[in-house]
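See structure below.
The values are calculated or read from the model by the stated rules, or taken from the named source; none is laboratory data. For clarity, every value in this text was computed on a predicted model and none was experimentally measured. When we count neighbours, we look across all protein chains shown, and the Cβ atoms used for this are built from the backbone with ideal geometry, even at glycine.
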DNA sequence: AAAATATTTAATCATTTGATTAAATATTTT
DNA sequence: AAAATATTTAATCAAATGATTAAATATTTT
């Protein structure tokens, strides 16, 4: 392989293919996504796609691993930060998460499609069990409210945050245009922590 | 076509095929689902599947329409009930919804897969806009808290309720076995209304 | 310029898969 | 039993699609 050219702002061909793969995989799902579509979306041809990534499956695995990695490179450090309070963590987790999702709104549905194919693999990648038992975030939660199940708490926090992105295709028509939708998500950055803190204070 | 036999508890062949279709479509996604798999799952053969439903696409449409219908036959009447208070509605909506989802846990992911294929069609089927402007539920919400955006409110309510089912493959390993997971969902029937009411009271 | 690398073009393969068909067998209904 | 209906078996089609190849052209690097 090779990777030169990178003319100014342009992406490397490898990057172009990966970006195109995400677009097409997200829109069509793995099974419906055709390598020809991906090549077209990337502005290159089928032969080159296979030249770079050998197969559709390999391309998918690479792209998925990268995205899941990005997902947790944003969240991971926040969960283990010893220097911030629980309330501060809530603010930052929701803010960073939504910011990242606004930049990559396709990510939840894309990752979700992976669930079907190999759920245990995704669970392992996410290291969920470890975060649940070892993270500072969960410990701080237990200190404050030992009576609240961390899983229930997380389901609610993640549900409130992720659901608008998962259901976007159905929800957006209700809110108005794309800009309006983004504005709502910005609002949620403040709303969700505010509401979650209510649960912590009085639930 | 024909539909007799229905020996005792057994399903009609047509029903068996539809049930099998849901299982396979949910597990594999539309594109990855093979009609041969569906036939095998139903315990019949490919020729018969096409004899009954003519094509894979028709089978999918029929099955999807039925499920979406079921989804809202549960929720619809509650939203428009003039005789119950907002708090009572919250209790019942969450309870009925989770009860139904426990019986059909595959439904959210199945319906979600439809989003990709034809989001506007799903939005229309759900009549979301109408419910948002005309339902008693939303009117009661506006009376109580005109300062809370109904969409934000719904995103949170639905997110808290649906997300555990969408993310089940990843979340369940964290909670223990299937029974434990169901027990958690039963707990949520009380938790979610309790937490949502906090928002209504003090958010 | 020469060499190395990247990309395209175009043709072709093999496999998968949705769909169809006809004939045989089973089951239910009349 | 006869007729109608349901289901299976087995073979086959045609289209879609992932993958490969070789040769031509373009671009970058040395």
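Here are some notes:
- Residues (assigned to a helix (DSSP H, G or I), surrounded by 18 or more Cβ atoms within 10 Å (Cβ to Cβ) and either within 14 Å of another protein chain (Cβ to nearest Cβ) or more than 11 Å from DNA strand D (Cβ to nearest atom) (or both)) located in segment B:32-42: B:37, B:38, B:41
- Restricting A:114, A:120 to those that are under 24 Å from residue B:26 (Cα atoms) and within 9 Å of chain B (Cβ to nearest Cβ) reduces the list to A:120.
- Subset of segment A:185-203 [modelled with pLDDT of 95 or more and either in a loop (DSSP other than H, G, I, E, B) or surrounded by fewer than 19 Cβ atoms within 10 Å (Cβ to Cβ) (or both)]: A:186, A:187, A:189, A:190, A:194, A:197, A:198, A:200
- Check on residue A:182, part of a helix (DSSP H, G or I), in contact with a helix residue (DSSP H, G or I) (Cβ under 7 Å, 6 or more places away or on another chain), more than 18 Å from residue A:81 (Cβ to Cβ) and more than 10 Å from every other protein chain (Cβ to nearest Cβ): yes
- Filter result for the condition that a residue is touching a residue at least 24 places away in the same chain (Cβ under 8 Å) and out of contact with any strand residue (DSSP E or B) (no Cβ under 6 Å at 6 or more places or on another chain), over A:67, A:92, A:34: A:67
- Candidates in segment B:20-31 are the residues that are within 14 Å of DNA strand D (Cβ to nearest atom) and without any contact (Cβ under 8 Å) to a residue 40 or more places away in the chain; of these, the one that is farthest from the other protein chains (Cβ to nearest Cβ) is B:20.
- Each residue in segment B:47-84 was checked for being touching a helix residue (DSSP H, G or I) at 6+ places or on another chain (Cβ under 8 Å) and within 16 Å of DNA strand C (Cβ to nearest atom), and 11 of them qualify.
- Helices (runs of 4 or more DSSP H) wholly inside segment B:43-158 containing at least 3 residues that are buried (at least 16 other Cβ atoms within 10 Å of the Cβ) and modelled with pLDDT of 90 or more: B:46-53, B:56-79, B:86-103, B:136-144
- Some residue of segment B:39-46 being touching a helix residue (DSSP H, G or I) at 6+ places or on another chain (Cβ under 8 Å) and in contact (Cβ under 8 Å) with a residue 40 or more places away in the chain: no
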